[in-house]
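First the structure, in the form of structure tokens, and then the observations on it.
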Protein chains: 4
Amino acid sequence: MDKGRLEAFSDGVIAVAITLLVLNLVVPDPGRTQNLAHALGQRWPGYVAYVISFLTIGIIWVNHHAMIGRLREADHTILLLNLVLLLTIGLLPFATNLMATYLRAAHGEHVAAAVYAGAFLLMGCSFAILNRHILFAKAHLLETQLDSGRRRLILFRSVSGLAPYVVAVAVAPLSAYATIAICGVLAAFYATPLATGGT
Amino acid sequence: MDKGRLEAFSDGVIAVAITLLVLNLVVPDPGRTQNLAHALGQRWPGYVAYVISFLTIGIIWVNHHAMIGRLREADHTILLLNLVLLLTIGLLPFATNLMATYLRAAHGEHVAAAVYAGAFLLMGCSFAILNRHILFAKAHLLETQLDSGRRRLILFRSVSGLAPYVVAVAVAPLSAYATIAICGVLAAFYATPLATGGT
Amino acid sequence: MDKGRLEAFSDGVIAVAITLLVLNLVVPDPGRTQNLAHALGQRWPGYVAYVISFLTIGIIWVNHHAMIGRLREADHTILLLNLVLLLTIGLLPFATNLMATYLRAAHGEHVAAAVYAGAFLLMGCSFAILNRHILFAKAHLLETQLDSGRRRLILFRSVSGLAPYVVAVAVAPLSAYATIAICGVLAAFYATPLATGGT
Amino acid sequence: MDKGRLEAFSDGVIAVAITLLVLNLVVPDPGRTQNLAHALGQRWPGYVAYVISFLTIGIIWVNHHAMIGRLREADHTILLLNLVLLLTIGLLPFATNLMATYLRAAHGEHVAAAVYAGAFLLMGCSFAILNRHILFAKAHLLETQLDSGRRRLILFRSVSGLAPYVVAVAVAPLSAYATIAICGVLAAFYATPLATGGT
């Protein structure tokens, strides 16, 4: 099965999900707002969550690009594991909205932070499972044969990238700000050339 | 007529429809919620409906991929039957929202379940009609000539896949949960390698 | 300039616009609804408007496909006239929502019908202007040289297709139902093989 | 790294962002409206903002097309700077909504105008930074080698295009209408063939 349409469909879903993030930025109701600058300022968690989620989805897209780029063709299992990955990416606008809403509410910020980091963790797990399947179960579908050490290294990177999100979920009951800070640092880290090794 | 843009447009519509499903997951209003974890938990029908609809649309995409992949080129009738199929796929975010909303409301769950399974049934019928048209009326547009038995088998699969959705609609007046369970089992079944024969 | 990205971008915008139509189908509020079947039935203008708009946008996509297919490459003016066409297509989810909302309201249905048919007319005019530009001003960019009679015939079809929409706008002050009926008949007419001559 | 998927993803995000602009055009509530024509007329800032933002995003797409068209392939930094550009484009539906809402509100129009023009300025800066990186830091990735003067000219155009947006932000505290007029004139200017030199 040709991988071109798999890429096109994945790009489409990721592009829609990343752009839907803007719907979480709600214009303050003029009738209930005295000072627009102040009202916009109060909504800073929304902007922070927008930037973190946008960069994180964007980085997943770059990594998805690299992962599928290694494939010569796709099979049914790859299509379905990819579908599960897209399902988790599709949840991120909701998780982002939840985080942004409750970080400035009087309660619920710990739960919202756990859901937020948990959604990234779920996405990372789906990514690692698909990557593992491609690298090991379906190594014959790879464009270039990679030796076992190289394949293990690529997978190790996918999996080790999950650890900070586990921490981010774990600290959510203590501090929602710590959770969001970890997610932000991760997005910034992956967005710098420091984090690149292979892509 | 080249089939490339037909695929690109269909991928686009399906990608948007599948990603719009997330808009059905509404963040609980902080002012009306005491306990966010509890409020999110109560909304489980939304998550279940999201997963079922996402997988079902994803599987239709995989099947669409296979169906169009058999074509060498498209003609006007194929474009229009495909448009009708996309019209039914476009309805699914609405049907999903309806199901998720009324499964936890005090009334209306039977109607909502019938509409939900009915929307899948409608999509399946459109798919089978397009598939039948491609396989029989426009067999000369196929990439590879398929013998009559093979064509009948492919169509039989499309049509027989509709039967469980007929049952799902039929049981809706008895139990909305039974309807959603049938839809869920079907999505899970088609997502497993068991269901593959050809793709 | 390569026309591939022009097609890809246009397909993207049209695919998003056509899929956003579903957002006009609003789930009835369970707290204000006694009978879901009845509440859904009352919203029939929404379903009718969805189907008409979906088919009309879909047909514009098919025609766009044919128009751009005649081009060998695009230039700056084509890109910008195409952008204006996309701008008018982008308005259709709003016009559809307006029509569906006011057809079942106590007032405003005539204005809404005029806006609805007017939006289709605007889209048709943009299409004809772009088509005219491609066929006459930029005939050297055509893939195949078409003789003057053939080019005039193609343009005549684009322009004559506008007349019924002028009628649909004109009858809006008399009957919103007549307007929507004309739009519906046009969509059905163009969707049948009868209407094809060239695509 | 192949630039095809970079283009496809960028086209997807831009196409979704440009089409989401229509969600800012809200249908007046029939229960609170006496005269639909009047209610629609009052919302003229929404239509003006829609047209300006649609054209501006469309022109950025055309320029993005030209910028990426010069590349032979992309690298990690280009992907990430492009992601930042897409992040700023993704903000425009929000900024457009803010402008349209507050231009007809009793207060806040100066802040809204500053945010609106500021969002365009941010997008223009991201564009110029990416363009600079491609033209100077990564000149070896260009499809055709451009001499230093030509590269400086292209970058100069990107940067000098920012100046009017700086003015538009600066005049926002004086007159929101002046800000929107500048943005509108810029969109119209870039949309005419006058503005083209290179694309």
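Structural remarks
- Scanning region C:1-17 for residues being among the aliphatic types (A, V, I, L, M), more than 8 Å from chain D (Cβ to nearest Cβ) and over 18 Å from the mean Cα position of the chain (by Cα) gives a total of 1.
- Residues of region A:4-23 that are touching a helix residue (DSSP H, G or I) at 6+ places or on another chain (Cβ under 8 Å) and either small (Gly, Ala, Ser) or surrounded by fewer than 21 Cβ atoms within 10 Å (Cβ to Cβ) (or both): A:Ala8, A:Ser10, A:Gly12, A:Ala15, A:Ala17, A:Leu23.
- Any hit, region C:84-91, residues being assigned to a loop (DSSP other than H, G, I, E, B) and either among the hydroxyl-bearing types (Ser, Thr, Tyr) or within 18 Å of C:Ala17 (Cβ to Cβ) (or both): yes
- Any hit, region B:12-19, residues being farther than 23 Å from B:Leu80 by Cβ, modelled with pLDDT of 95 or more and polar (S, T, N, Q): yes
- Residues satisfying the stated conditions in region C:20-43, i.e. touching a residue at least 40 places away in the same chain (Cβ under 8 Å), more than 8 Å from chain B (Cβ to nearest Cβ) and in a helix (DSSP H, G or I): C:Asn24, C:Gln42
- Hits in region A:92-111 (condition: in a helix (DSSP H, G or I) and facing another protein chain (nearest Cβ under 7 Å)): A:Pro93, A:Phe94, A:Asn97, A:Leu98, A:Thr101, A:Tyr102, A:Val111
- Residues that are touching an Asp or Glu at 6+ places or on another chain (Cβ under 9 Å) and facing another protein chain (nearest Cβ under 7 Å) were ranked within region B:56-68; the one that is modelled with the lowest pLDDT is B:His65.
- Count of residues meeting criterion [in a helix (DSSP H, G or I) and either more than 7 Å from every other protein chain (Cβ to nearest Cβ) or of a type in the set (Lys, Arg) (or both)] in region D:69-83: 4
- When residues in region A:162-176 are screened for being surrounded by fewer than 19 Cβ atoms within 10 Å (Cβ to Cβ) and in contact with a His (Cβ under 7 Å, 6 or more places away or on another chain), 1 of them pass.
- Residue in region C:48-76 that is nearest to the chain's Cα centre (by Cα), counting only those that are of a type outside the set (A, V, I, L, M, F, W, C) and under 23 Å from D:Leu21 (Cα atoms): C:Thr56
- Test result for A:Val166, modelled with pLDDT of 95 or more, more than 25 Å from A:Ala15 (Cα to Cα) and touching a Leu at 6+ places or on another chain (Cβ under 6 Å): no
- All of (1) away from chain C (no Cβ under 11 Å); (2) surrounded by 22 or more Cβ atoms within 10 Å (Cβ to Cβ) hold for D:Arg132 with one exception: (2).
- Residue match in region D:43-53 (condition: under 23 Å from A:Asp11 (Cβ atoms) and modelled with pLDDT of 95 or more): no
- Tallying residues that are among the β-branched types (Val, Ile, Thr) and either in contact with a strand residue (DSSP E or B) (Cβ under 8 Å, 6 or more places away or on another chain) or crowded, with 20+ Cβ neighbours inside 10 Å (or both) within region D:25-64 yields 7.
- Some residue of region C:104-114 being surrounded by fewer than 24 Cβ atoms within 10 Å (Cβ to Cβ) and within 30 Å of B:Val26 (Cα to Cα): yes
- Verdict on B:Ser53 being farther than 16 Å from B:Tyr116 by Cα, more than 8 Å from chain A (Cβ to nearest Cβ), hydroxyl-bearing (Ser, Thr, Tyr) and out of contact with any Gly (no Cβ under 7 Å at 6 or more places or on another chain): no
- Qualifying helices (runs of 4 or more DSSP H) (wholly inside region B:112-199; at least 2 residues being touching a residue at least 24 places away in the same chain (Cβ under 8 Å) and more than 30 Å from C:Ala39 (Cβ to Cβ)): B:148-160, B:176-191
The values are calculated or read from the model by the stated rules, or taken from the named source; none is laboratory data. Keep in mind that what you see is a predicted model, and the values were worked out from it rather than measured. Every residue, glycine among them, receives a Cβ derived from its backbone with ideal geometry; neighbour counts consider all protein chains shown.
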